[in-house]
Amino acid sequence: KDISIGKTLRMLLSLIWKLDKVYYLVLASVSLSAAANTILNIFIPKILINGFEKGWGARDFILVIAILAAVKYILLQIKALVGRQDIIHQRLLQEKFPMAFAEKVMSIDYANLEDAKVLDLKERALFPVTSYGALLQLLAGSVQFFTSFFTIISIVSILLSFSPLFTLAVFVLSLIALLLSARLMNAMKRVTQDMIPINRRYGYYVDAAMEPAFQKEYRIYGMHRLMTKKINAYTDEIYTWLNNIYVEQANTESIQAFITGVTRFITYGYVALRVLTDKFGPAISFGDFSVIVGATESFVEAFRGVVMNIVSVGQSISYLKPFCQFMSIPDTAEKSGTKKPGPLETLAFENVTFSYPNSDRIILNNISFEIHKGEKISIVGLNNAGKSTIVKLICRLFEPDSGRILWNGTDIREFDYDAYMDMLSCVFQDFQLFPFTIRENIDTENAGKTQVDNSEEIWNVLDEVGLRGAIEVLPSKIDTHMEKSLYEDAADFSGGQKQKIAIARSIFKKSDLVILDEPTAALDPLAESEVYENFNQLTRSKTAIFISHRMSSSIFCDRILLLQDGRIAAFDSHENLMKGHNLYRELFETQARNYRN
């Protein structure tokens, strides 16, 4: 959904306030201190010239200069102090914005992350922050804008009291120069927008060239030659764009230099005439001469700063618009109900139909079934039959197109999302372990809480999945890290061992329903058989749903849910299904013959 520039600005201001409330105080301090320093610079010559005209002695000059130096020193120290704070807080926000974005990714509906349009928006949203520096440009432009704005407020009264007509002339000349600058900025904006997808592709290919996962293919198939060709092609394209914009910039700056010269000629000529004669207005002193000249120079610069930074800030906001569009996607919790689910008694699908986003293919077609407390259910079927889709619907990663999923007779969408998630544990086919310790990967609820020690429970569940021996020999045991590339003392587990840790995590969680979606895909046949044989013990008294590509797993289950062509072909025990002629029996016997052979 598109959002306006105004809403984008409001969202950015709100997010900055949320992430770093101190930044607005820093912004005001930086702008005011810089403006005060400029005003002091304008009046210092006048004070000294007036003192000379009044016949000050050496002591008077030394005293005044000392006072001015002290004030100047204090202003510069304040400016330097708040300037450092500005840099620190800008960098802090630059780090916090991607973190806020990551939190958003983790809080929106999972279905969005399988939608091509949302994924494209996700890429376009983060690129201006992490690669283009649009946030830093916005913050820096804001500082410069307010500095120039406060400077103009202070100076304009000086110029108007000197001559409104002169002030108007300076304003018009400054405006002409700025219109040229705006023309250049618009040209740069168009080029930048054209360059964003090119830069994105260029960055992808450069990263891929250094990605360890691709290195074997580069060497075996010589793919590095094509990769180099792609990178060079984008480099040439970027060079052409940059050359064109630099030519445009040089032409614009030449005209601006001419206008600046005209402005200075008028300023020095007119102000000098006011010193020498009163024919063009009341005569002024040499001190006033220095103030008007300095104020004019500062006005031109500040006026240019205000307008140019409005354009710069506007550009930054337009670049960050996709970021705010993504951040405006509703969180799953926002659509959550308020009810709390009780202990599982029944889980039922009631006339559920489902298709994936942007797809016309019906995965599940008006299916209904019911699972009871304590049952072990195996879901089987051909590839793409919808087995994992059922799991995703139960886990509220997707919502049915029609029909309901009922937990103890209540639609699961009526439950508080987090409370419902507490009732589930799942090992997905593409499960992930995190670069934390083994303990933190298993006991996720108490991860990072030093006051909680569930070591004995963790060892028990590791024993049940057959991994205790492999972990006991490690120097740090269950406090061993999982990522070798981050920690030198981390363990380098095999795929099968990692899968057992994932299974241990699902069993450890105090949930009512355990879902194992292809949990043995990385295990060898012996290890797989061990998991099957201990399946009832592993899930204890919990209700369990089991999906496996190996049909022998169904033997250990109470009932088998057979999916075929988006519908439920059967829902019965292994013994009963083997008595009839159906897809389940055909799959089972075919796989059994292959294993025997």
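The values are calculated or read from the model by the stated rules, or taken from the named source; none is laboratory data. Values in this document were obtained by computation on a predicted structure and should not be read as measured data. Don't worry about glycine lacking a Cβ; one is built from the backbone with ideal geometry, like all the others, and counts go over all protein chains shown. Calculation scope for accessible area: heavy atoms of the full protein, side chains included, ligands and nucleic acids excluded. Shrake-Rupley method; radii C 1.70, N 1.55, O 1.52, S 1.80 Å.
Being under 14 Å from residue 509 (Cβ atoms) and open to solvent by 40 Å² or more (accessible area, probe 1.4 Å): is that true of residue 456 here?
So residue 456 fails the test.
Here are some conditions: (1) within 30 Å of the chain's Cα centre (by Cα); (2) open to solvent by less than 50 Å² (accessible area, probe 1.4 Å). Residue 356 meets all but one. Which one does it not meet?
Residue 356 satisfies all of (1) within 30 Å of the chain's Cα centre (by Cα); (2) open to solvent by less than 50 Å² (accessible area, probe 1.4 Å) except (2).
On the basis of being surrounded by 14 or more Cβ atoms within 10 Å (Cβ to Cβ) and among the small types (Gly, Ala, Ser), does residue 203 make the cut?
yes
Of all the residues that make up region 473-517, how many are open to solvent by less than 10 Å² (accessible area, probe 1.4 Å), outside any helix (DSSP H, G or I), closer than 30 Å to residue 341 by Cβ and not hydrophobic (A, V, I, L, M, F, W, C)?
Residues meeting the conditions: 2.
Yes or no: residue 524 surrounded by fewer than 17 Cβ atoms within 10 Å (Cβ to Cβ), at pLDDT below 75 and within 29 Å of residue 472 (Cβ to Cβ)?
So residue 524 passes the test.
Is it the case, given these coordinates, that residue 101 is farther than 30 Å from residue 390 by Cβ, open to solvent by 30 Å² or more (accessible area, probe 1.4 Å) and either out of contact with any Lys or Arg (no Cβ under 7 Å at 6 or more places or on another chain) or part of a helix (DSSP H, G or I) (or both)?
no
Among the numbered conditions (1) free of Cβ contacts under 8 Å to residues at least 40 places away in the same chain; (2) part of a helix (DSSP H, G or I); (3) open to solvent by 20 Å² or more (accessible area, probe 1.4 Å); (4) among the hydrophobic types (A, V, I, L, M, F, W, C), tell me where residue 293 comes up short.
(3)
Could you grab me the full set of residues in region 117-176 that are within 13 Å of the chain's Cα centre (by Cα) and in contact (Cβ under 8 Å) with a residue 60 or more places away in the chain?
Hits for region 117-176 are 121, 122, 123, 124, 125, 126, 127, 128, 129, 131, 135.
Looking at 268, 234, which is the one that is out of contact with any Lys or Arg (no Cβ under 9 Å at 6 or more places or on another chain) and either of a type in the set (Ser, Thr, Tyr) or in a helix (DSSP H, G or I) (or both)?
268
Could you check region 114-146 and list, in sequence order, the residues that are open to solvent by 30 Å² or more (accessible area, probe 1.4 Å), in a helix (DSSP H, G or I) and either among the small types (Gly, Ala, Ser) or under 30 Å from residue 293 (Cα atoms) (or both)?
Hits for region 114-146 are 116, 140, 144, 145, 146.
Kindly check whether there is at least one residue in region 381-401 that is at pLDDT 85 or above, over 22 Å from residue 365 (Cβ atoms), open to solvent by 50 Å² or more (accessible area, probe 1.4 Å) and assigned to a loop (DSSP other than H, G, I, E, B).
The answer is no, given that none of the residues of region 381-401 is at pLDDT 85 or above, over 22 Å from residue 365 (Cβ atoms), open to solvent by 50 Å² or more (accessible area, probe 1.4 Å) and assigned to a loop (DSSP other than H, G, I, E, B).
Step by step: first the residues of region 579-595, then only those that are surrounded by 12 or more Cβ atoms within 10 Å (Cβ to Cβ) and either within 21 Å of residue 371 (Cα to Cα) or under 48 Å from the mean Cα position of the chain (by Cα) (or both), then the one that is modelled with the highest pLDDT. Which residue is that?
Checked region 579-595; the qualifying residue modelled with the highest pLDDT is 583.
Would you please name the residue that is modelled with the highest pLDDT, looking only at residues in region 51-66 that are open to solvent by less than 40 Å² (accessible area, probe 1.4 Å) and part of a helix (DSSP H, G or I)?
64
Looking for something surrounded by 15 or more Cβ atoms within 10 Å (Cβ to Cβ), among the β-branched types (Val, Ile, Thr) and out of contact with any Asp or Glu (no Cβ under 7 Å at 6 or more places or on another chain) - is there at least one such residue anywhere in region 17-36?
No, every residue in region 17-36 fails to be surrounded by 15 or more Cβ atoms within 10 Å (Cβ to Cβ), among the β-branched types (Val, Ile, Thr) and out of contact with any Asp or Glu (no Cβ under 7 Å at 6 or more places or on another chain).
Is one or more of the residues making up region 534-550 farther than 25 Å from residue 421 by Cα, open to solvent by 50 Å² or more (accessible area, probe 1.4 Å) and modelled with pLDDT of 75 or more?
no
Does region 45-55 contain at least one residue that is of a type in the set (S, T, N, Q), out of contact with any strand residue (DSSP E or B) (no Cβ under 7 Å at 6 or more places or on another chain) and farther than 30 Å from residue 119 by Cα?
Yes - at least one qualifying residue is present in region 45-55.
Within region 405-424, restricting attention to residues that are in a strand (DSSP E or B), more than 33 Å from the chain's Cα centre (by Cα) and not polar (S, T, N, Q), which residue is surrounded by the fewest Cβ atoms within 10 Å (Cβ to Cβ)?
406
Give me the residue from region 304-352 that is in contact with a Gly (Cβ under 6 Å, 6 or more places away or on another chain) and in a strand (DSSP E or B) and, out of that set, surrounded by the fewest Cβ atoms within 10 Å (Cβ to Cβ).
351
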